[in-house]
Amino acid sequence: MARPVIAIVGRPNVGKSTIFNRVIGDRLAIVEDKPGVTRDRIYGTGEWNGKSFSIVDTGGIELDGEDEIMKSVRMQAELAVEEADVIIFMVDAKTGLTLADEEVAQMLFRSRKPVVVAVNKVDNQGRMEDIYEFFGLGFGSPIAISGSHGTGIGDLLDEAVSKLPELEEDGYDEDIIKVALIGRPNVGKSSLVNALLGEERVIVSDVAGTTRDAIDTPFEKDGQRYVLIDTAGMRKRGKVYESTEKYSVMRSLKAIERADVVLILINAEEGIIEQDKHIAGYAHEAGKASVFVVNKWDAVEKDDKTMQLFSQSIRDHFLFMTYAPIVFLSALTKSRLHKLLPVINHVSEQHALRIQTHLLNDVISDAVAINPPPTDKGRRLRINYVTQVAVRPPTIVIFVNAPEIMHFSYERYLENKIRAAFNFEGTPVRLFTRRKS
Ligand code: GDP
Ligand code: GDP
């Protein structure tokens, strides 16, 4: 199920990143901000009034040079229009309405996407009057907010979330594995798609999907059906825009949301770059199964240690994703290509794995016996029982006497024990601690 996307658009300095950080700020404390997950965030996930969404700060896209400001804003708006379900159009009460605002408004208006106008920097009651000129943008009542004071943000989210579509089902059968290929330009995404489709015994088939079938590519091999997500989008993507890193990262968000399994492509010739981490971090956070695919393996000079060294380098760079298997291949020569689909099948199974409660509790009892839970001011954490409440990704609730005593490090210890027992290769595992005495 794909979470809908909210995008924040607006001129530089209106306060987009300030608001973005406020929206995801609370979440980070609740969800997970594990070491290694990137700091330089342009996306996050949130929940408001019981609806989950992902939120994107398109302000991350900025071109150099003064004349480029308008171009940057245009790119942001274009991206938001293509990728977002609701757009927060942010303007600035201090500077008032500008020509650039009006130009963006026109682009957004033509898209017919739901738009909420947020007038930022309304830091005091006196500035309330400054919001009226923004009615003229034509998107209904603007919402006054202040990023500095944190006011109005609840109203803004009320409005934005009320315009979100229901969680999207794309109509594919449960047993179809949805695969997204993600990676920077020229890493070989299109080549890999073609190589997969050209493989022996691959049948490019028709699968009825209700909404997205035109842009996805279904195929079947050895009785297993797959859909490659957003392959049309991959072909369409402009290389010019893609050269700005954040743009291409954002282009991947929706595809990741819709996938079960994310293939994170890495260029063997170039090694790992920051952008790879952003993408991987998002797949992790979105709770998807992941596989690292090191492409262009043909182009690398190798000896018997090269593969191991490359693997180690991936492990060092992606500390938060040690669960993801690594496949080395060449989309060009098709060498080792046959290894990929079995790994996809495997991680997809692990992603949907459901462990019986009594088995889980056996593992936890053993773990607790070896290494007792933390204490705090004389109180000891007591684990009453553990149960898996969801799959894709596996989500496990730990019922305890006092959740506030649970440590991140102890949770990590339990996760390691659970993985040692049940593997869960290729998938994140979510642990939540809840009170139950
Ligand atoms: P972005 O370029 O649109 O992402 O804008 P930023 O979030 O980086 O903010 C630009 C500047 O505006 C920073 O100096 C912020 O501290 C300031 N700012 C953000 N929100 C407010 C606000 O509500 N009131 C005032 N007075 N300044 C703000
Ligand atoms: P995309 O931008 O990620 O879709 O990348 P493309 O599939 O368009 O590939 C970019 C370039 O890398 C093309 O020139 C491909 O021929 C080349 N390429 C793709 N896969 C491989 C590979 O496995 N080995 C080598 N040597 N080149 C490759």
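Structure summary
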| item | result |
| --- | --- |
| Extension gain (nm, one decimal) between R392 and S162, 0.36 nm per residue minus Cα-Cα | 80.2 nm |
| Residues K113, K16 arranged by fewest to most Cβ contacts within 10 Å | K113, K16 |
| Total charge dipole magnitude, the chain, about the Cα centre, Cβ charges on Lys, Arg, Asp, Glu only, Debye to nearest 20 | 1120 |
| Gyration tensor over alpha-carbon atoms, the chain, equivalent ellipsoid semi-axes in Å | 37, 31, 20 |
| FRET efficiency, 1/(1 + (r/R0)^6) with R0 35 Å, evaluated for S313 and I370 via beta carbons | 0.60 |
| The chain: relative contact order as a whole-number percent, Cα under 8 Å and 6+ apart | 12 |
| Spatial extent of the stretch 357-435: Rg and Dmax, with the Cα atoms as the point set, Å | 12.0, 39 |
| Normalised per residue, the volume of the convex hull around the Cα set of the stretch 303-412 (Å³) | 156 |
| Nitroxide proxy distance, nm - points 7 Å out along Cα→Cβ at A420 and T98 | 5.7 |
| Cα point-scatterer Debye curve for the stretch 258-318, base-10 log of I(q)/I(0) at q = 0.14 Å⁻¹ | -0.41 |
| Selection from L263, I398, V104, by position along the positive dipole direction of the chain (Cβ) | I398 |
| Among S335, V193, L156 the positive-end extreme of the charge dipole of the chain (Cβ point charges) | S335 |
| Residue-span extension gain [E269 to A402] - 0.36 nm each, minus C-alpha spacing | 42.9 nm |
| Theoretical gain in end-to-end length, R336 to R382 [0.36 nm per residue, Cα-Cα removed] | 11.7 nm |
| Under 17 Å from K94, Cα to Cα: lysines that are on another chain or at least 8 residues apart | K16, K121 |
| Among the listed pairs K334/K417; K305/K334; K277/K334; K71/K288; K221/K254; K254/K417, those beyond 28 Å (Cα-Cα) | K334/K417; K71/K288; K254/K417 |
| Of the DSSP H helices in the chain, those whose Cα atoms cover at least 18 Å axially and whose Kyte score averages 0.5 or more | 357-370 |
| Sorted by Cβ neighbour density within 10 Å, fewest at the top, the residues T387, T231 | T387, T231 |
| Computed over the stretch 285-406: relative contact order in percent, which uses C-alpha pairs under 8 Å that are six or more apart | 24 |
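Bear in mind that the values in this text are calculations on the coordinates, not laboratory data. Just so it is clear, the structure is predicted and the values come from calculations on it, not from any experiment. As a convention, Cβ positions derive from the backbone with ideal geometry for all residues, glycine included, and neighbour counts pool all protein chains shown.
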